[in-house]
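Asker: Submitted below is the structure of interest, expressed as structure tokens.
Rule-based calculations on the coordinates, nothing more; no lab input. Treat the numbers as computed from the prediction; the structure is a model and nothing was measured. Please note: Cβ atoms are built from the backbone with ideal geometry, for glycine as well, and neighbour counts cover all protein chains shown.
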Amino acid sequence: MKKKLHCLSLVAFLALAPQMALAGKADDTFNVAFTVEPTTMDTYKETTREGYILARLIYDCLIEKDTSTGEFKPSLASSFKVTDDTTLDFVLRTDVKFHDGTLMTADDVVYTLNMVSSREYGARYQIAVDWIERVEKTGENAVRIKMKRPSPLALEMLAGNLPIYPKAYYEKAGPAGMTTKPVGTGPYRLVEVSPGSRYVLERFADYYAGSPKGQPAIKRIVVRVLPETNTQYAELMNGSLDWVWKVSPDDARRLQSRPNLKVQSTEILRYAFIGINPNFQDKKSPFADVRVRQAFNYAVNRPAIIKAFVGGSAQPAYAPCSHLQFGCTYDVDRYEFDVAKAKALLAEAGYPNGFSTELMISSTPKEQAEVIAANLAAVGIKVTLNFQQYAPALTAWREGRIPLLMGNWGSYGVADAGLSISNYFSGTADDQVKDKKVIDLLAKADSSMDRDLRKKDYHEALKIIASQAYLVPLWTFNVNTAFNASLDFKFDADEYARFYTAKWN
Amino acid sequence: MLTYCSQRAVSALLLMLLISLVAFFLIFASGDPAVKIAGEAGTAADADRIREALGFNRPLAVQYLSWLGHLLTGDLGRSIYFNQPVATLIADRVSTTLTLSVSAMLLAVAVALPLGIAAARWQDGLVDKLVLVFAAVGQAMPTFWFALLMIIAFSVNWQILPTSGSETWLHFVMPSLALAYFAMPTMLRLTRAGMIETLEADYIRTSKAMGIPASLILFKYALRNAVVPVVGVSAAQFGSMLAGSIVIESIFALNGVGRLAFESIQRSDLSTVQALVLCFSFVYIVLTFLSDLLNAWIDPRMRSIYGNPA
């Protein structure tokens with residue numbers, strides 16, 4: 001009798017158990033995990049990449065960039081034209097519906113772009129909107145964007161980063177409503193949110209034909225926030241997750257061995273570097289001497305570190321940008337690993353026995369910094385490693401209090417060198433070099449609409465930066481993704497996982 | 001009693017203020033909040049704009065007093081990071097944390113008390129040894145490790161329990177077990193030690209000599225005295241479960257206040273951290289107070305402390 005009771009309770013337990021999420025193909029649901037939680041669906045106020053990924057499912061922009069060809073394609077616009085250096089003209093589609101059923105019109109475009117580019121609105125990344133002077137309606141289905149100055153990045157920003165909101169809804173719901181109940185024109189609509197833990201998106205039945213994003217193949221996308229990666233891997237193995245990203249090289253090897261899983265390594269736009277401040281201590285530090293900076297570059301064994309700790313499809317970098325970006329080239333002076341040359345240059349500069357200095361590190365795995373310290377010690381430069389969170393590290397760098405900063409830069413996922421080289425060398429607070437020639441070249445390149453001219457100027461700037469060894473470019477990053485083997489999905493270099501392109505195979 | 005309560009309330013209030021003051025300055029000591037909020041990709045200009053918009057450029061004392069002023073009007077402030085009222089953020093998460101910690105607490109008490117009594121009753125016997133090993137393992141094993149072992153067993157191999165989320169009661173089984181096993185050993189050991197001590201007391205010997213049934217002695221006379229310190233410790237542990245089950249909340253992806261606190265500190269979300277610190281210290285103080293009352297109810301001798309207003 002007693003035994004029977006036990007059996008009964010077990011059955012009861014299983015009967016009460018809610019159906020475990022059946023992942024993947026079986027119920028046409030694409031289950032995704034993020035480690036970081038998106039903060040808001042009011043995407044101009046967002047700072048996390050995770051939030052932008054959701055935004056690209058929910059919203060559309062005037063144009064889209066074809067990630068394979070780099071070409072700009074009309075999206076909410078049916079056509080567009082660069083009228084002159086400071087004017088862009090768009091003709092809008094007339095068949096695009098928002099998720100609440102209303103038709104997208106020129107008023108929505110004018111309203112959204114004027115609002116988010118106003119100072120009062122406070123867009124999180126000003127760089128995305130601060131080039132817009134004003135937006136006006138030039139016809140029933142036509143809008144014109146006037147720029148404050150010639151802005152070569154305008155199209156990059158319009159393609160993906162400047163989603164169009166429904167005017168009527170936003171006026172009614174406000175930023176608070178948009179935060180959790182967004183309405184866009186995108187291929188998926190958000191149907192359920194538990195902020196910080198779960199986001200359920202459903203294919204938008206009325207998605208407009210002819211979108212460059214294509215028609216979504218998978219019915220539902222469920223995004224969950226799982227802060228612990230081990231939990232993600234457990235779920236990936238038992239099938240309740242279909243896709244995770246930012247898998248460490250070690251974990252990637254382990255997951256690869258599971259028959260139902262696939263692992264992919266994608267080189268991304270982010271690159272690692274050590275910034276050098278030649279003006280440190282009023283140019284009285286060893287780094288004021290170009291030979292010391294060059295020696296520093298020669299001392300670092302990039303290929304060995306990449307092989308041991310970065311892995312996958314990462315590449316050595318030779319300039320402060322990703323070779324995947326427009327305007328970036330590694331056709332400059334290169335400092336390949338050479339201990340003898342490093343030592344000779346140091347001796348020549350008056351430091352035959354090397355010197356001691358401090359290296360501040362932010363957002364970098366410890367072991368990578370430690371190997372670099374060992375590399376430098378081999379040529380006589382003794383560095384004290386100082387690991388910091390990015391806020392104190394950036395502050396120390398901007399205030400010129402440290403000679404060296406090891407970090408990395410992702411260019412907001414935009415494949416244009418204007419957002420990488422210029423971030424550190426155009427005379428802004430992040431530029432501790434302040435080379436007049438470089439600043440002038442970048443100013444020209446950053447404000448020209450002529451792509452060939454820009455290319456030429458960036459190349460000139462990069463040549464100076466390399467020959468002066470103003471930094472130690474280290475390597476580009478890669479992102480490992482692990483996913484259900486029955487999923488067909490390609491991860492892009494700009495890290496905007498475009499889930500709307502996913503399908504089952 | 002009333003005087004005692006009001007004295008406690010005033011000192012509690014001062015304590016909460018002091019804690020919030022320390023927390024406030026610690027945030028600023030850990031790096032410029034404007035740079036943190038601007039994010040890793042934020043430019044110096046972005047940080048400047050944020051500094052101005054959020055008033056971080058004002059003197060710290062002014063900022064603290066302004067926060068305090070809002071608090072007096074019942075306004076916990078808006079989260080800088082989420083741009084939502086902090087009260088909403090906490091309200092969204094508090095039920096998850098409460099469910100987790102209450103179930104873990106009940107589980108821990110349900111295991112610790114009987115095992116502690118049994119171990120004391122059969123001191124140095126086989127039962128005692130097994131119980132002590134069980135407690136020692138719980139004390140020594142890191143919570144996250146135990147949690148991961150359970151995930152591998154119940155979610156990956158047998159697939160009977162969900163790994164993450166808080167949708168159903170099943171989602172709370174593993175987290176509660178992990179948290180309970182972490183909290184249980186202290187309670188168990190205290191119960192055992194208290195029982196052993198009490199069982200050797202004179203009045204127990206007298207009771208035995210009088211022929212009072214053993215079970216009555218054990219559960220009525222001895223337990224009442226032995227359990228007093230356990231109540232105090234449990235209250236403190238319950239408090240730390242409410243505030244600090246960060247590891248468990250992270251592993252099982254429970255979106256509770258512990259995780260909110262941890263991540264808000266990392267994000268320099270000043271208003272959220274301040275509000276949470278205040279709530280946590282409030283919870284601690286209330287719990288300690290309640291445990292005192294509970295002890296007074298269990299042990300009449302302690303009532304005299306409250307009985308004589310000075």
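Asker: With only Lys, Arg, Asp and Glu charged, each at its Cβ (+1 for the first two, -1 for the last two), find how big the charge dipole of chain A is about the Cα centre; round to the nearest 20 debye.
Answerer: 1100 debye
Asker: OK, next. Calculate one ³J(HN,Hα) per residue across segment A:251-261 by plugging θ = phi - 60° into the Karplus curve 6.51 cos²θ - 1.76 cosθ + 1.60, and present them in order as whole Hz with x for glycine and proline.
Answerer: 3J(HN,Hα) across segment A:251-261, in whole Hz: 5, 4, 4, 5, 5, 4, 6, 7, x, 8, 10.
Asker: At a Förster distance of 35 Å, what's the computed FRET efficiency of B:L21 paired with B:T88, Cβ-Cβ distance as r, to 0.05?
Answerer: Once the sixth-power term is evaluated, E becomes 0.90.
Asker: Using a Förster radius of 30 Å, what is the FRET efficiency between A:D331 and A:K283 based on their Cβ-Cβ separation? Nearest 0.05, please.
Answerer: So the FRET efficiency works out to roughly 0.50.
Asker: Quick test of the membrane-span-like rule: which DSSP H helices of chain B reach at least 30 Å along their long axis (C-alpha atoms) with mean Kyte hydropathy at least 1.0?
Answerer: The answer, listed by residue number, is B:2-29, B:86-121, B:270-298.
Asker: Then there is this: Fully extended, how many nm does the chain gain between A:A485 and A:Q256 (0.36 nm per residue separation, minus their Cα-Cα distance)?
Answerer: Full-extension gain reported as 81.4 nm.
Asker: Apply the Karplus curve 6.51 cos²θ - 1.76 cosθ + 1.60, θ = phi - 60°, to the phi angles in segment A:227-237 and return the couplings in whole Hz, x for Gly and Pro.
Answerer: x, 9, 5, 4, 5, 4, 5, 4, 6, 5, 6
Asker: Given all pairs of different Cα atoms, what value in angstroms does the Kirkwood hydrodynamic radius of chain A take?
Answerer: Hydrodynamic radius (Kirkwood, Cα pairs) of chain A is 24.9 Å.
Asker: Would you mind checking the pairs A:K436/A:K463; A:K45/A:K146; A:K213/A:K503; A:K343/A:K382 and listing those with alpha carbons more than 18 angstrom apart?
Answerer: Over 18 Å apart, Cα to Cα: A:K45/A:K146.
Asker: Angle check, please: helix A:436-446 long axis (alpha carbons) against the longest principal axis of chain A (alpha carbons), in degrees 0 to 90, nearest 10.
Answerer: Computed tilt is about 20 degrees.
Asker: For segment A:267-478, what is the largest minus smallest coordinate of the Cα atoms on each principal axis, given in angstrom and ordered from greatest to least?
Answerer: Principal extents (largest minus smallest coordinate, Cα): 49, 39, 34 Å.
Asker: Still on this structure, please answer the following. Tell me, in nm to one decimal, what length is gained between A:A429 and A:W504 on full extension, where the rule is 0.36 nm per residue of separation less the Cα-Cα distance?
Answerer: 22.3 nm
Asker: What does the charge count around A:D457 come to, taking other residues whose C-beta lies under 15 Å from its C-beta (Lys +1, Arg +1, Asp -1, Glu -1)?
Answerer: My count for the surroundings of A:D457 gives 0.
Asker: Quick one: compute the contact order of segment A:267-478, relative version, from alpha carbon pairs under 8 angstrom and 6+ residues apart, as a percent.
Answerer: After rounding, I find 37 percent.
Asker: A further question follows. What are the residues whose amide H is under 5 Å from the amide H of A:A142, where those residues sit 5 or more places off or on another chain and H is modelled from the backbone?
Answerer: A:L92
Asker: Let me ask something additional. Once R0 is set to 56 Å, what does the formula 1/(1 + (r/R0)^6) return for the Cβ-Cβ distance between B:A153 and B:A209, expressed as a FRET efficiency to the nearest 0.05?
Answerer: 0.65
Asker: Here's a follow-up. Non-local amide H neighbours of A:I381 (under 5 Å, H modeled in plane, Pro and chain starts lacking H): which ones?
Answerer: Those qualifying (amide H under 5 Å, at least 5 residues apart or on another chain) are A:F355.
Asker: Give me A:Y233, A:Y351, A:Y330 ranked fewest to most by other Cβ atoms within 10 Å of their Cβ, as a rough exposure proxy.
Answerer: Ascending number of Cβ neighbours within 10 Å: A:Y330, A:Y351, A:Y233.
Asker: Please rank A:I306, B:I204, fewest neighbouring Cβ atoms within 10 Å first, as an exposure proxy.
Answerer: B:I204, A:I306
Asker: Can you give the local net charge around B:V156? Use residues other than it whose beta-carbon is closer than 12 angstrom to its beta-carbon, Lys and Arg +1, Asp and Glu -1.
Answerer: Result for the neighbourhood of B:V156: 0.
Asker: Would you list which aspartates and glutamates come within 16 Å of A:K81, measuring only between C-alpha atoms, while excluding same-chain residues fewer than 8 positions from it?
Answerer: The qualifying aspartates and glutamates are A:E64, A:E71, A:D89, A:E136, A:E156, A:D450.
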